[in-house]
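S.K.: Here you go, one structure.
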Amino acid sequence: MQKLLQNLHFSLRMLAKSPGLTITVLLTLAFGIGANTAIFTVDYATLLAPLPYPQPDQLVMVWSKIQSFHNSLSAGDYLDWKHQNSTFQDINAWTGGSFNIATHDQPEFIEGRRTTVGFYRMMGSEFAMGRDFLPEEGVAGKDHVVILTHKLWVHLGEDKNILSTQIRLDNLPYTVVGVLAEGPNDRGNEQLTVPLVFKPDQINHDFHWLLAMARLKPNTTIKQGQSDMDAVTTHIAQAYPKSNKGWGAIVEPLKNDFLSSDRQLTLWLLLGAVGFILLIACVNVANLLLAKSLARQKEMAVRSALGATPKAIFGQLITESLLLAVCGGILGVGVGYGMLRGLIAAMPEGTLPTEADLRLNLPILLFTLGATTLAGLLFGCAPAWFASRIDPAETLKEGGRSGSGKARQWLRRTLVIGEFALALALLAGAGLAIHSFLNLQRVDLGIRTDHILTFYLPVPESRSNDPEQIVSYYKRLISSIDSVPSVSSSTAMTGMPLYGAGFGMPFTIVGKPAYNDPSQRPLTGFGMVTSDYFKTFGIRTTLGRALGDQDTTTSVKVAMVNEEFAKKFFSGTDPLQQRISVEQLIPGVTKLGPPIEWQIVGVYHNVRSRGFREDNPEVLISFWQIPWPTAGIAVRTASDPAAMTKSIAAAVHTVDPQISLATPRTMEQVRDSVLSSDRFTLLLFSCFAAVALLLAALGIYGVMSFSVAQRSHEIALRMALGAGRNRVVAQVVKEGLLLASIGLAIGLIGAYFIGRAMQTMLYGVGTIDYSAFASVGAILLVASLIACYFPARRAASVEPMQVLRNE
């Protein structure tokens, strides 16, 4: 311990003697460790940390499965699962909901959820006030009770006496029975919960609209739960072959809930990227310490001559390195906290699960300690080893030039080569992300996004579901909006371009052989739109006619399909001669009706319906033929659509004063929202790549500066014998570019594997993207050229005789 304290005391003195070097090292390490801390915090909270619930390993998502796809489940399936399973302590279902909550000024849109009784009790959620729903509150007539999130309670005024008081939701009174504790529930969009009560017509097996979560019994594995649900779904399929043949179930850990494999891959790749940053930082610090150790050769030779063992010298220098690393790590925690705050601010909504707790906690700090220690060993071992291996007699005799100088130079050049290889891999990742993002921005969306305002109308479930009244309501609404000055057209729709048509429905082509197994029928996007839909969004009709006001409940049922649908299912035939059969969607009823045949009357240009990456088959029918109670609205305006939100809201309130406009956004904002995740990934990769580029340039600058300083005698002699200044510059730059080129060649291997790993995240970009790789390679070469030029110019500017005289 005494020896360690002596080493620490001496290390502090030595670091204080070189404040410039010490500050440079600390800042380099702080950024590398801080970036790793910030990204690891996100990865840990999302992928590794236990969920913030009691016995979180028991919580599972239970999905319906068809053709290997995850799907929602029907109310009939849920009730059968609940009664027939033998491995769950409890299973609960929920669905989303939207509410108009009464406030002092005007109705306010609030997203919520409807859950079966016992949901929060199963989750183990804590309440700040009140309680979970009681069993009797899951019965129709006693279900007008509500649980608020802490966030909504604060928004409503933080009334500590709110329990047992009433708030009005969709103009109906609901009694507040509980307020959830501050935590994960505040980070989601759903801000209140009401009981989910099944009406008689909702209890069927063919309308899928619920999500389910369960808690396994103690000592029960997910594999056992899956086996149990396989048996349950097989039994249900035998009892209800028409609706359930081919359907199964998927049981999976809750921590994977709603986090796609692409999103998980992105998080791991970002952690790898900041790991590269830390490695590059360590290489730079190692180069700096190697240079410093050369300047201290005489000191080490004297200490060795006075009896210091190689082990003692190694221990002293590695202590200095670890002290630097610890100080850099302490600074890195602060840098990491700042970066984490910035990440949270820049992160698009919905990027991470609501359970992710993005805070610096003990596991994060332990990771930082491990990264700090590893960094200290990585950059400290080589300088310490070289310093402990010097020959004191040879060093003192040659005035500080020992035979290990060449080995040091070789190591420093090797480190720079490795640095450039790592930098190229990072830059290649950023180049691929940039190329992919540019490809996405050039995608033909099939619509015009300019001058369009969109919003949803959260029509209460208590409203009439009579088709004639729905048609009358929306016609009055659209007429009122169309009367607003500067409005060109408006439309109602069940979906939204870039997000989908509204429903996913199985279908059959009339005249083709019927499917023995209904679950094998193909699926298509299916939605209802009013007649100005195509005009409002600027969608081209490529064949036949568009849907019009003449298509009403009393006329022949007609539909339009997109080009992808026609290509996939009507290849080699005339689409306008085809009919498809789709089971009826009945307003206000969670049950499919009898099949309806739809005559294809037109084909429209593909509209991207699920993001930017692919075309999906889609069918649109007239809203007036099958009206739907809740719909989205799009309004094309002659002026700035965002500036017209209030006037359009006023037009809506003249028809329905009790309803609010939900999530009003321009179509350009919708487009940017869909791209936000790709833009965020691009931003992070680009920032890390820029840092890698800067560190690599600084690394080669340091090596060349040191090389020039060591070769000052040789360069002066060459110039004295007639070598021109340009030749000296060219020689030094050539040496630096050679190191960079070798690093780039090696880095191409890493770039290839980076491209393979990112493949599922990219759009229109191959594993080997020659344009991206060539661009980032050129950027690195230019950076190395600039970094080499300044030491070269300094070397060529010396006076040869002055240098030789000093030597």
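S.K.: For the chain, calculate the relative contact order in percent as a whole number, restricting contacts to Cα pairs under 8 Å that are 6 or more residues apart.
M.R.: Here the relative contact order equals 17 percent.
S.K.: Separation between the Ser68 and Gln166 pseudo-spin-labels, each 7 Å from Cα along Cα→Cβ, expressed in nm?
M.R.: Label-label distance for Ser68 and Gln166, simple model: 5.4 nm.
S.K.: Only loop residues by DSSP count here, and only those with at most 12 other Cβ atoms within 10 Å; note down the chymotrypsin sites (Phe, Trp or Tyr not before Pro) in region 210-268 that meet that.
M.R.: Phe258
S.K.: Shifting gears a bit: Would you mind calculating the gained length between Trp410 and Asn361 on full extension (0.36 nm times residue separation, minus the Cα-Cα distance), in nm to one decimal?
M.R.: Here the answer is 13.5 nm.
S.K.: Next question. Among Leu172, Cys282, Tyr474, whose Cα projects farthest towards the positive end of the dipole of the chain, with charges put on the beta-carbon of Lys, Arg (+1) and Asp, Glu (-1)?
M.R.: Comparing the listed Cα positions along the dipole, Cys282 ranks first.
S.K.: Work out from phi, with θ = phi - 60° and the Karplus expression 6.51 cos²θ - 1.76 cosθ + 1.60, the ³J(HN,Hα) of each residue of region 729-737, listed in order in whole Hz, and give x for Gly and Pro.
M.R.: My calculation for region 729-737 gives 4, 4, 5, 5, 4, 4, 4, x, 5 Hz in order.
S.K.: Also, quick follow-up: In cubic angstrom, how much convex hull volume per residue do the alpha carbon atoms of the chain span?
M.R.: 213 Å³
S.K.: Can you give the FRET efficiency for Ile23 and Ser479, using 1/(1 + (r/R0)^6), R0 = 51 Å, r = Cβ-Cβ distance, to the nearest 0.05?
M.R.: Step by step, r from the Cβ atoms, then E = 0.15.
S.K.: Right, something else. Simple spin-label model, 7 Å along Cα-to-Cβ: Leu694 to Glu597 in nm?
M.R.: Between Leu694 and Glu597, the simple spin-label model gives 6.9 nm.
S.K.: Using a 1.4 Å probe on the protein heavy atoms, what percent of the accessible area of the chain belongs to carbon and sulfur?
M.R.: 59 percent
S.K.: Among Gly141, Ala49, Ser74, pick out the residue whose Cα is farthest towards the positive end of the charge dipole of region 46-147, where Lys and Arg carry +1 and Asp and Glu carry -1 on C-beta, about the Cα centre.
M.R.: Selected residue: Ser74.
S.K.: Over region 30-90, with the other protein chains present, what is the accessible area per residue in square angstrom, probe 1.4 angstrom?
M.R.: Heavy-atom accessible area per residue stands at 35 Å².
S.K.: On to the next question. Quick one: if the Förster radius is 30 Å, what FRET efficiency do Gln469 and Val139 give, using the C-beta to C-beta distance and rounding to 0.05?
M.R.: Between Gln469 and Val139 the formula returns 0.60.
S.K.: Placing unit charges on C-beta atoms (Lys and Arg positive, Asp and Glu negative, everything else neutral), compute the dipole magnitude of region 452-514 about its Cα centre in debye, rounded to 20.
M.R.: 140 debye
S.K.: Then there is this: Based on the alpha-carbon gyration tensor of region 554-708 and its eigenvalue square roots a ≥ b ≥ c, which shape applies: rounded if a/c is under 1.5, prolate if not and a/b is larger than b/c, or oblate?
M.R.: Note, shape of region 554-708 comes out oblate.
S.K.: Just grab the label-to-label distance for Trp209 and Thr760, each label 7 Å out from Cα along the Cβ direction, in nm (one decimal).
M.R.: 3.2 nm
S.K.: Also: Using a 1.4 Å probe, what is the accessible area per residue for region 157-289, in Å²?
M.R.: I get 45 Å² per residue for this part.
S.K.: As a test question: what accessible area, to the nearest 10 Å², does His435 have when a 1.4 Å probe is rolled over all protein chains in place?
M.R.: 50 Å²
S.K.: Set Lys and Arg Cβ to +1 and Asp and Glu Cβ to -1, take the dipole of region 466-544 about its Cα centre, and tell me which of Phe526, Gly544, Val484 lies farthest positive.
M.R.: With unit charges placed on the Cβ atoms, the residue in question is Gly544.
S.K.: Kindly state, to the nearest 0.05, the FRET efficiency for Thr221 paired with Arg725, given R0 = 56 Å and r defined as their beta-carbon distance.
M.R.: Working from the Cβ atoms, E equals 0.15.
The values are calculated or read from the model by the stated rules, or taken from the named source; none is laboratory data. In this text the structure is predicted, and so the values were computed from the model without any measurement. Glycine also receives a Cβ, built like all others from the backbone with ideal geometry; neighbour counts cover every protein chain displayed. Just so you know, the surface numbers come from the protein's heavy atoms only, side chains and all, with ligands and any DNA or RNA stripped out. Shrake-Rupley method; radii C 1.70, N 1.55, O 1.52, S 1.80 Å.
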